[in-house]
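Colleague: Mind looking over this structure? Questions follow.
The values are calculated or read from the model by the stated rules, or taken from the named source; none is laboratory data. Quick caveat, the model's predicted, so the values are computed rather than measured. Virtual Cβ from ideal backbone geometry, glycine too; neighbours counted across all protein chains shown. Accessible surface areas use protein heavy atoms only, side chains included; no ligands, DNA or RNA. Shrake-Rupley method; radii C 1.70, N 1.55, O 1.52, S 1.80 Å.
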Amino acid sequence: MTALDRATTPSAAPPPTLELTRWRLAALTARGLVTDRRERRRDRAGRRRPRRGPGALDPRLRAPVFVLGAPRSGTTFLGSCIGALPEVSYHFEPRVTKAAARQVYLGAWPERRAARVFRSSYRLLLVAAGDGGRRFAEKNPENCFVVPFLARTFPDARFIQIIRDGRDVAVSHAEKPWLSASSAGSGKRGRGGQAWGPWARWWVERDRAEEFESASDLTRTAWSWRRFTDSARAALAELPADRVLTVRYEDVVQRPEEAADTLARFLGHEETPEELRAALAAADPGSVGRWEKALDAEGLADVEREAGALLRELGYGSPA
């Protein structure tokens, strides 16, 4: 690496995982409603939305859209662009379901209870936003690990996976504090309650937890890209083709017009809405290929060692 820190595991002990009790669910729900309102207001700046009709408090979920992808893969940008559509009620990383994904993945909750939590959380967000009658859409990277559950719970749901070059993802993710060894002991936690730092997450292979925690920051972020991307790909491959759309981040930001047409067709539009075109036109093509300047030989080796096979399978990089 040239600009990234190669920090490894500190001496601090990992903080305990927060149990998802009823009280904590209630607290996450309350906090989530406040932050969701604030984020939606900020995201809508400059955009006109249709006036609320009599069905604004309709809690029914119709053909929800799940935007999937590894952290720093472009899910935030893509979700925001989809949220520009007048008929869509878009929500950024709902806190309750972000935390509950762990319970689903580990089998800690009966599926009936998990489904009830997900449905009620989405309905509450929809109603609180006054968006009843619109199409609920959200993006949570953790959903990459619970696709089969989501597909069963929401039989009419549609899934959009965005895949980005894992080398660019590793660089971008390593610039954030979430998996950084330097964040150990900071006391900070993410939206779903996960402590910042190098600690093995619930999605890390159980027999490799110690390896994850002692690895370099770049290795951990490459690890994250591999696990999130591959988990979503494998699960989505089992669903009917009309429920799934896979796009490349590089195509979205370098050819936004084509991306807009593809997304519009998938979401049921005969003509591409101008709102979607305008939102995608704000893409930054300069974000492609950042790894070439950000990674030195050792940093690139860290990424390749953990994610090289998937990079090559997806057409990124050269065969070994």
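Colleague: Only Lys, Arg, Asp and Glu count, each charged at its Cβ (+1, +1, -1, -1), so figure out the dipole size of the chain about its Cα centre, rounded to 20 debye.
Modeller: Charge dipole of the chain: 1840 debye, to the nearest 20.
Colleague: Let me understand the stretch 74-128 better: what is its radius of gyration from the alpha carbons, and its Dmax, in angstrom?
Modeller: 13.1, 37
Colleague: Additional query: Please state the relative contact order of the stretch 42-197 as a whole percent: Cα pairs under 8 Å, 6+ residues apart?
Modeller: Answer for the stretch 42-197 is 36 percent.
Colleague: Another question about this same structure. Test of understanding: extend the Cα→C-beta vector of Glu87 to 7 Å, then name every residue of the stretch 113-133 with backbone N under 14 Å from that spot.
Modeller: 133
Colleague: Then there is this: Hey, what angle do you get for helix 95-106 against the long axis of the chain, alpha-carbon based, 0 to 90 degrees rounded to 10?
Modeller: With both axes taken from Cα atoms, the answer is about 60 degrees.
Colleague: Using a 1.4 angstrom probe on heavy atoms only, work out the carbon and sulfur share of the accessible area of the chain in %.
Modeller: After summing per-atom areas, the C and S share lands at 50 percent.
Colleague: Under 8 Å for C-alpha pairs, at least 6 residues apart: give me the relative contact order for the stretch 227-320, rounded to a whole percent.
Modeller: Worked out over the stretch 227-320, it gives 21 percent.
Colleague: What residue among Pro110, Pro285, Pro155 shows peak mean-square fluctuation when the chain is described by a Gaussian network model with Cα springs under 10 Å?
Modeller: Its mean-square fluctuation being the largest, the pick is Pro110.
Colleague: Hey, rough spin-label estimate for Arg123 and Ser182, points 7 angstrom out along Cα→Cβ, what's it come to in nanometres?
Modeller: In this crude spin-label approximation the distance works out to 4.6 nm.
Colleague: While we're here: Under 13 Å from the Cβ of Arg248, count the other residues' Cβ atoms, weight Lys and Arg +1, Asp and Glu -1, and hand me the total.
Modeller: -2
Colleague: Just Arg113, Arg134, Arg37 to compare: in a GNM of the chain, with alpha carbon springs under 10 Å, which one fluctuates most?
Modeller: Taking springs between Cα atoms under 10 Å, the residue moving most is Arg113.
Colleague: May I ask for the angle, rounded to the nearest 10°, between helix 22-43 and the longest principal axis of the chain, with both axes built from Cα atoms and the value confined to 0 to 90°?
Modeller: Taking Cα atoms only, the helix is inclined about 80 degrees.
Colleague: Along the charge dipole of the chain, pointing to its positive end and built from +1/-1 on Cβ of Lys, Arg, Asp and Glu, which listed residue (Ala114, Cys81, Leu280) has its Cα farthest out?
Modeller: Ala114
Colleague: Please report the antiparallel percentage of DSSP beta bridges with both residues in the chain, rounded to the nearest 5.
Modeller: Counting only bridges with both partners in the chain, antiparallel ones make up about 5 percent.
Colleague: Counting pairs of alpha carbon atoms under 8 Å apart in space and at least six apart in sequence, what relative contact order in percent does the chain give?
Modeller: Once normalised by length, the contact order is 25 percent.
Colleague: Once both axes come from the Cα atoms, what is the angle between helix 217-236 and the longest principal axis of the chain, in degrees from 0 to 90, rounded to 10?
Modeller: So the inclination is approximately 40 degrees.
Colleague: Starting from 0.36 nm per residue, how many nanometres of slack lie between Asp251 and Glu111 once their C-alpha separation is accounted for?
Modeller: Between Asp251 and Glu111, full extension yields 46.7 nm more.
Colleague: Shifting gears a bit: How long are the three semi-axes of the equivalent ellipsoid for the stretch 204-265, computed from the Cα gyration tensor as the root of 5 times each eigenvalue, in whole Å, largest first?
Modeller: 32, 17, 5
Colleague: Further, regarding this structure: Here are labelled values, [x] 22.4; [y] 16.5; [z] 18.2, and one is the computed mean projected area of the Cα convex hull in nm² for what I pasted. Which one?
Modeller: [y]
Colleague: As an exercise, identify the GluC sites (Glu not before Pro) in the stretch 226-289 lying in DSSP coil whose Cβ has no more than 11 other Cβ atoms within 10 Å.
Modeller: Glu238, Glu270, Glu271
Colleague: On to the next question. May I ask you to give the solvent-accessible area per residue for the chain, in square angstrom, as obtained with a 1.4 angstrom probe?
Modeller: With all protein chains present, the chain gives 47 Å² per residue.
Colleague: Here is a further query. Just how large is the dipole of the stretch 242-304 about the Cα centre, in debye to the nearest 20, putting +1 at every Lys and Arg Cβ and -1 at every Asp and Glu Cβ?
Modeller: For this selection, approximately 80 debye.
Colleague: Would you work out the charge dipole size for the stretch 149-207 about its Cα centre, treating the Cβ of every Lys and Arg as +1 and the Cβ of every Asp and Glu as -1, and quote it to the nearest 20 debye?
Modeller: 240
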